[in-house]
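*Asks:* Structure provided below as structure tokens; questions to follow.
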Amino acid sequence: MRAQRVPVDYRPRSARLSSLSAVTGLNVMSDPCSFSSFTRCVTKHLNLHLHLDFDRHVIRGRVALTVEALEDRFSTLTLDSSDLSVVSVTANGQPARFSLGPKHSFKGTPLEITLPFDLSRGQHVIVEVTYETSPSATALQWLTPEQTAGKKHPYLFSQCQAHHCRSMIPCQDTPSIKHTYYAQVSVPKDLVAVMSAVRDGQEVDLQDSGRIIYRFRQTVPMPSYLIAIVAGALESREIGPRSRVWSEKEFVEKAAFEFSETEAMLKTAEELAGPYVWGQYDVLVLPPSFPYGGMENPCLTFATPTVLAGDKSLSGVIAHEISHSWTGNLVTNKTWEHFWLNEGHTVYLERMIGRCLESEQFRQFKAIGGWKDLQDSVNTFGANNPLTNLVPSLQDVSPDDAFSAVPYEKGFALLYHLEEQLGGPEVFMGFVKSYIQRFAYSSVTTEEWKNYLFAYFKDKVDILNKVDWNAWMFTPGMPPVKPQYDTTMADACNALSQRWLQAKDQDLNSFKQSDVKSLSSHQVIEFLSLLLQEDPLPLTHVKKMQEVYDLNAYMNAEIRFRWLRLCVRSRWEEAVPLALKMATDQGRMKFTRPLFREVFNFEKFRDEALRVFLAHRAGMHPVTSGLVSKDLKVDVSNAASQ
């Protein structure tokens with residue numbers, strides 16, 4: 001059903017919020033992904049004591065939440081939890097009654113707490129919960145030594161976005177609530193712990209001399225999904241005045257080289273968006289089984305080792321995560337329905353950093369690739385799927401199921417369209433910086449963003465009124481306007497791909513090594529992406545491509561991934577072991593799943609794909625192995641007994 005157009009007005013905020021609810025179905029005074037009501041109380045601070053048990057794969061925890069009442073006669077509160085074993089609850093040191101409600105499919109279980117006293121509006125209470133996590137906590141991934149690069153020590157990392165912090169800590173697990181935190185983490189002495197916070201010293205655990213307690217403090221208020229913890233055999237190297245890289249020793253020197261431009265990116269971002277408020281900006285390279293590209297945890301960006309290209313060509317991932325320090329971490333979407341506010345602005349800022357450090361043509365080139373990613377997501381969901389709305393309703397929808405390129409690239413396309421209409425990149429970046437300053441340290445909705453846009457450009461309201469806001473925000477499918485991007489950098493990729501697609505066997509000697517030597521890594525990626533959108537090349541062509549370009553020698557994961565898919569698709573048997581090796585040497589789902597699918601679809605090697613998957617399954621991240629098993633139609637329960 002098409003939503004009604006949302007008119008812009010300047011009525012009192014409460015009236016505007018109720019009108020948005022009426023026309024979009026979104027209740028912006030609550031969060032459909034959380035049990036906690038942020039209209040009745042807010043968490044201001046967390047004090048965490050965490051004991052990491054690698055034998056049982058659980059965290060024994062104690063969290064003290066400083067909670068402020070937002071109403072008089074306040075005596076009950078609800079926290080989010082998921083598969084937590086709650087031992088006890090106190091309020092200002094006095095025992096408090098608690099109960100766990102029924103389990104919801106993705107929201108977990110509400111933890112209902114009754115205080116032994118009433119609070120008046122504005123008063124604070126310290127609610128302390130003693131608990132233990134489940135071995136299957138969705139936020140926590142316990143890696144065996146074989147899943148790490150070093151193969152000697154276990155490893156733990158968390159991934160709380162979007163709504164998984166509740167499986168690690170009982171809390172108000174909604175991006176509308178921001179709080180500071182302090183933490184003490186006890187780990188075996190062979191391991192090092194780091195968190196999304198500034199390090200605050202360490203000491204021997206007095207209760208167990210074989211363990212060390214690491215301390216952390218986060219003084220900038222942030223939402224619960226940005227709490228992150230890692231423990232493993234970590235080393236670090238300084239890469240700038242406020243930055244270190246952390247990883248297992250196998251990756252630390254590569255990472256220090258790859259991310260050596262971090263400070264330049266930070267300074268560029270500060271010039272664009274304002275001061276960096278988080279103090280430290282470190283990068284943690286996770287073990288190869290980490291299934292994602294990156295995560296913007298404050299003070300400690302997570303990154304996959306597949307971005308270690310050896311030539312810094314994939315460090316754009318870091319530009320994206322750095323940008324989140326302003327858009328996402330400092331100004332945050334109030335609920336996951338407004339996720340585009342996080343990601344659309346972050347992609348816009350990331351590409352502005354690329355514009356400053358590279359060129360405007362580079363920004364345009366990256367935008368062209370982003371439009372293709374958006375088309376792929378819309379095709380995957382279906383053009384009429386409401387989850388392709390820029391602002392979807394997540395009533396009874398897990399935010400994990402809704403995540404895609406849509407909030408990133410449809411959001412960017414809207415901001416770029418507005419930039420074109422309102423005066424160009426410098427003018428629009430002025431708005432973005434002002435928006436960040438206006439809403440820093442808070443969480444916002446799309447309507448609050450839009451009202452500020454109209455207030456900032458009050459002399460251009462006639463232009464803004466011509467934007468089809470309903471089509472952009474609340475209509476599924478591709479945007480109503482396709483921006484006209486500069487194709488200068490893309491033209492060479494298009495021309496070369498067309499030469500290969502149209503070439504006859506007798507034309508193959510016309511290709512030379514200089515064809516790709518004149519292209520940047522980003523352009524080689526685009527060239528191969530274009531070929532993958534077409535019917536498979538004849539085997540003679542891919543063999544000639546290897547002979548002339550030696551693409552097997554490329555270590556850039558994005559290039560290698562596309563090249564091996566191209567080879568397998570053209571039925572080059574010699575590429576099959578290389579494709580399966582890449583699929584199992586690392587576990588980033590973006591690479592592993594398509595590579596396994598390509599080999600599986602090569603009828604002659606279907607059994608080999610299954611054999612290699614089953615042989616490596618134990619070393620894979622459980623999310624990755626579960627999804628690959630579905631791709632390959634493997635019954636894991638039967639496979640385990642074979």
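The values are calculated or read from the model by the stated rules, or taken from the named source; none is laboratory data. Predicted, not measured: the structure shown is a model, and the values here were computed from it. No Cβ is skipped: glycine too gets one built from the backbone with ideal geometry, and neighbour counts run over all protein chains shown.
*Asks:* Hey, could you check the range 100-149 for residues that are surrounded by 15 or more Cβ atoms within 10 Å (Cβ to Cβ), modelled with pLDDT of 90 or more and of a type in the set (Gly, Ala, Ser) and say which is nearest to the chain's Cα centre (by Cα)?
*Replies:* ALA139
*Asks:* From the set of residues in the range 384-394 that are among the aliphatic types (A, V, I, L, M) and in a loop (DSSP other than H, G, I, E, B), which is farthest from THR327 (Cα to Cα)?
*Replies:* Result: LEU394.
*Asks:* Restricting to the range 265-313, what's the tally of residues that are outside any loop (DSSP other than H, G, I, E, B), surrounded by fewer than 24 Cβ atoms within 10 Å (Cβ to Cβ) and modelled with pLDDT under 95?
*Replies:* Total satisfying the criteria: 1.
*Asks:* Moving on. Could you list, in sequence order, the residues of the range 185-206 that are assigned to a loop (DSSP other than H, G, I, E, B) and either touching a residue at least 12 places away in the same chain (Cβ under 8 Å) or within 14 Å of LEU284 (Cβ to Cβ) (or both)?
*Replies:* LYS189, ASP190, LEU191, SER196, ALA197, ASP205
*Asks:* Shifting gears a bit: Restricting to the range 504-533, what's the tally of residues that are assigned to a helix (DSSP H, G or I) and in contact (Cβ under 8 Å) with a residue 12 or more places away in the chain?
*Replies:* So the answer is 16.
*Asks:* Scan the range 328-341 for residues that are polar (S, T, N, Q) and in a strand (DSSP E or B) and report the count.
*Replies:* Qualifying residue count, the range 328-341: 2.
*Asks:* Looking at ARG597, ARG571, which is the one that is part of a helix (DSSP H, G or I), surrounded by fewer than 18 Cβ atoms within 10 Å (Cβ to Cβ) and in contact (Cβ under 8 Å) with a residue 12 or more places away in the chain?
*Replies:* Going through ARG597, ARG571 in turn, just one is part of a helix (DSSP H, G or I), surrounded by fewer than 18 Cβ atoms within 10 Å (Cβ to Cβ) and in contact (Cβ under 8 Å) with a residue 12 or more places away in the chain: ARG597.
*Asks:* Further question: Which of the residues belonging to the range 395-418 are in a loop (DSSP other than H, G, I, E, B) and in contact with a Ser or Thr (Cβ under 7 Å, 6 or more places away or on another chain)?
*Replies:* First pass over the range 395-418, keeping only residues in a loop (DSSP other than H, G, I, E, B): 395-398, 403-405.
Selection gives SER404, ALA405.
*Asks:* Oh, and also: Could you check the range 479-511 and list, in sequence order, the residues that are closer than 26 Å to PRO386 by Cα, at pLDDT 95 or above and surrounded by fewer than 19 Cβ atoms within 10 Å (Cβ to Cβ)?
*Replies:* PRO480, VAL481
*Asks:* Still on this structure, I have one more. Could you tell me which residue of the range 534-563 is surrounded by the most Cβ atoms within 10 Å (Cβ to Cβ), considering only residues that are over 26 Å from ASP585 (Cα atoms) and at pLDDT below 95?
*Replies:* Among them, the one singled out is GLU534.
*Asks:* Give the range 150-184 a look and list any residue that's at pLDDT 95 or above and part of a loop (DSSP other than H, G, I, E, B), or say none.
*Replies:* Matches in the range 150-184: HIS153, PRO154, MET168, ILE169, PRO170, GLN172, ASP173, THR174, PRO175, SER176, ILE177, LYS178.
*Asks:* Now a separate question. Looking at PHE38, PHE98 in this structure, which one is over 25 Å from PHE157 (Cα atoms), out of contact with any helix residue (DSSP H, G or I) (no Cβ under 6 Å at 6 or more places or on another chain) and part of a strand (DSSP E or B)?
*Replies:* On the way: PHE38 fails: part of a strand (DSSP E or B).
PHE98 is the lone residue from the list that is over 25 Å from PHE157 (Cα atoms), out of contact with any helix residue (DSSP H, G or I) (no Cβ under 6 Å at 6 or more places or on another chain) and part of a strand (DSSP E or B).
*Asks:* So, one more: Looking only at the range 353-371, how many residues end up being surrounded by fewer than 16 Cβ atoms within 10 Å (Cβ to Cβ) and of a type in the set (Lys, Arg)?
*Replies:* Residues in the range 353-371 being surrounded by fewer than 16 Cβ atoms within 10 Å (Cβ to Cβ) and of a type in the set (Lys, Arg): 0 in total.
*Asks:* May I ask you to list the residues in the range 232-251 that are assigned to a helix (DSSP H, G or I) and either among the acidic types (Asp, Glu) or crowded, with 18+ Cβ neighbours inside 10 Å (or both)?
*Replies:* Residues satisfying the conditions are GLU250, PHE251.
*Asks:* Of these, LEU390, LEU330, which one is within 27 Å of GLY279 (Cα to Cα) and crowded, with 18+ Cβ neighbours inside 10 Å?
*Replies:* None of the other options fit; the residue is LEU330.
*Asks:* Can you confirm whether TYR181 is buried (at least 23 other Cβ atoms within 10 Å of the Cβ) and among the aromatic types (Phe, Trp, Tyr)?
*Replies:* The answer is yes for TYR181.
*Asks:* Collect the residues in the range 29-63 that are closer than 20 Å to ALA197 by Cα and out of contact with any His (no Cβ under 8 Å at 6 or more places or on another chain), keeping them in residue-number order.
*Replies:* Passing the criteria: ASN47, LEU48, HIS49, LEU50, HIS51, LEU52.
*Asks:* Okay, next question. Give just the number: which of (1) touching a Leu at 6+ places or on another chain (Cβ under 9 Å); (2) assigned to a helix (DSSP H, G or I) does SER325 not satisfy?
*Replies:* (2)
*Asks:* If you don't mind, there's one more thing I want to ask. Taking into account only those residues within the range 433-453 that are surrounded by 16 or more Cβ atoms within 10 Å (Cβ to Cβ) and among the aromatic types (Phe, Trp, Tyr), which is farthest from SER224 (Cα to Cα)?
*Replies:* TYR452
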